[in-house]
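Quick notes on the structure that follows.
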Amino acid sequence: MSSEQVTVDPVELSYTLTKDDWLDGFIAHRRHVRRPWLVPVLIVAALVGLLPGLISSDGSRAMSAADVAALAAVALVGIGLGLLLFRLLVAARWIYRWQVHLLMRGNPWLSEPIQAAVDDTGLRLTSASRSETAAWSQYLRYVETERSFVLRASERLGAAVLVLPKRGLVTGDPARLRSLLETHCHRRA
């Protein structure tokens, strides 16, 4: 009895990356980076916000200069934490847009048309000036967004990111690519 080897055609993509594709990849990657320090920061910010109310709740005595100074210090800390949280949670998208702009400006080859083939052995990317092959061991995680599949080298913030836009699928059906990614990578919800 002979064993027959089944070869499956690779999933093919043809696309040109845009700034919006990179932005989608950066945001998807950042959203799934673990931030264990964020919960304690939020708890401290809440406590700092409650502290002025607790200090001034004793209405029977007048506020001394030390109380005013403590209240001012608490207010400054609260404002500082608020600005930090704003930067981390809200302004990040603006920062990503700036990073994408710098990335695209400094690497014009990133905006060349790309032909990609994805199969059980890995990924092959070809453009006018570059040709790259990546084994599945290079991309251990992936995130699926509405617009793309974002492959990530690790959970770390500076990890390599590869964006595969769904609009680039030659067949238009993301099911085969999703199946390959689920087989070879760990999905983050």
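The values are calculated or read from the model by the stated rules, or taken from the named source; none is laboratory data. This is a predicted model, so every value here is computed, not measured. Reconstructed Cβ throughout: ideal geometry from the backbone, glycine too, with neighbour counts over all protein chains shown. To get the accessible areas, we keep the full protein, side chains included, count just its heavy atoms, and leave off ligands, DNA and RNA. Shrake-Rupley method; radii C 1.70, N 1.55, O 1.52, S 1.80 Å.
Structural remarks
- Taken together, Val77, Val100 contain a single residue that is open to solvent by 30 Å² or more (accessible area, probe 1.4 Å), assigned to a helix (DSSP H, G or I) and at pLDDT below 90, which is Val77.
- Where Leu157 falls short, out of the listed (1) modelled with pLDDT under 90; (2) under 21 Å from Thr18 (Cβ atoms); (3) touching a helix residue (DSSP H, G or I) at 6+ places or on another chain (Cβ under 8 Å): (2)
- Tally of residues being touching a residue at least 60 places away in the same chain (Cβ under 8 Å) and open to solvent by 30 Å² or more (accessible area, probe 1.4 Å) across region 162-189: 7
- Residue that is under 24 Å from Leu180 (Cα atoms), in the same structural domain as Asp21 (by the TED database) and open to solvent by 30 Å² or more (accessible area, probe 1.4 Å), where the choices are Leu151, Leu140: Leu140
- Screening Ser137 on (1) outside any loop (DSSP other than H, G, I, E, B); (2) touching a residue at least 24 places away in the same chain (Cβ under 8 Å) shows it passes everything except condition (2).
- Hits in region 104-131 - residues which are modelled with pLDDT under 85 and surrounded by 15 or more Cβ atoms within 10 Å (Cβ to Cβ): Leu110
- Only one entry of Arg156, Arg167 meets the criterion of being part of a loop (DSSP other than H, G, I, E, B) and either closer than 20 Å to Glu112 by Cβ or basic (Lys, Arg) (or both), and that entry is Arg156.
- Considering residues of region 107-134 that are polar (S, T, N, Q) and in a loop (DSSP other than H, G, I, E, B) only, the residue farthest from Asp24 (Cα to Cα): Thr121
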